[in-house]
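The values are calculated or read from the model by the stated rules, or taken from the named source; none is laboratory data. What you see is a predicted model; the values in this text were computed from it and never measured. Virtual Cβ from ideal backbone geometry, glycine too; neighbours counted across all protein chains shown.
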């Protein structure tokens, strides 16, 4: 959905961009990664770690991707990152071990420091997950809950030994970044004002599997939080300083639009587009609203009627502006009555649309969830 993020500041680290390497058959052998550029040496092999070569991270997800958390993710922007190492598995980074949880961020940082490593930044973690092709999930473009055991609460996979899900592996060789515990990063939550005191968790498991299992998803948590669902893994090498900064915008959930632009083409009206009353033909714009179902999401509703009662045909479009053009997301045939819209039960992410038929008024409900719209009957 369209995000109204208007300010994205990324502190870039100096990085040489090279061709991505592929992982060796044994993901714990960092020395097997041989396709790095000749000008950038990955250094000595590090046991239990893989080398992520320098390159471009496509950070976040495109504005039209579904599902998407508009106030959490960058809009698919390219961020250059220098090379670094990352643990193959969650701490203690041993195949067959139960991942360590119930650690605060500072404790996780000390444990990494004790091994000559460090906590990853959140964008380093995202690059390691997305692999050389900037995949949506570590294993590819399409969601499959079985690969990493996603789509369940974190508690469902916490006592599973590391290393059992062989296919849950990124293109760089990092494994089991989803399906178990959330993982601390050393980044601050740079989304909105007053959020710097929060830390950033990546990976893990959540019942919203298709959303939360994406490499670009993140969650905020107090750095001192200890949870059975929170663990970590380590990185090594010079830290990349690039960080996520998103201006989080909110507004009235639903408001009438005083000076509406024409509606998109409405199928129920034979492809007509409803214009302002000053230019009524072939369809006069009867109603228009701005709908903000979530932070950084702004949608538009507009429609009208062709003809007059009892022969009028009316419709409503829900649309967004994408690259300066209207993009229709949903159309509703409202029958003989001009479109009427209100919030359902006072909830910002649900609307009630009034329709008029031969037997009187009926009502439809429109729901918004992370970029996806659904239409059903109102109860």
Query raised in the report: If you check 299, 285, which single one turns out to be under 23 Å from residue 251 (Cβ atoms), outside the structural domain of residue 66 (by TED's automatic domain parsing), at pLDDT 90 or above and surrounded by 14 or more Cβ atoms within 10 Å (Cβ to Cβ)?
Result: 299
Query - helices (runs of 4 or more DSSP H) wholly inside the stretch 92-192 that include at least 3 residues being surrounded by fewer than 22 Cβ atoms within 10 Å (Cβ to Cβ) and assigned by TED's automatic domain parsing to the domain that holds residue 50 - result: 105-114, 145-148
Query raised in the report: Taking the stretch 193-221 on its own, how many of its residues are touching a strand residue (DSSP E or B) at 6+ places or on another chain (Cβ under 7 Å), assigned to a loop (DSSP other than H, G, I, E, B) and modelled with pLDDT of 95 or more?
Result: 5
**Report entry** Filter pass, residue 67 being surrounded by 21 or more Cβ atoms within 10 Å (Cβ to Cβ), assigned to a loop (DSSP other than H, G, I, E, B), touching a strand residue (DSSP E or B) at 6+ places or on another chain (Cβ under 8 Å) and modelled with pLDDT of 95 or more
**Finding:** no
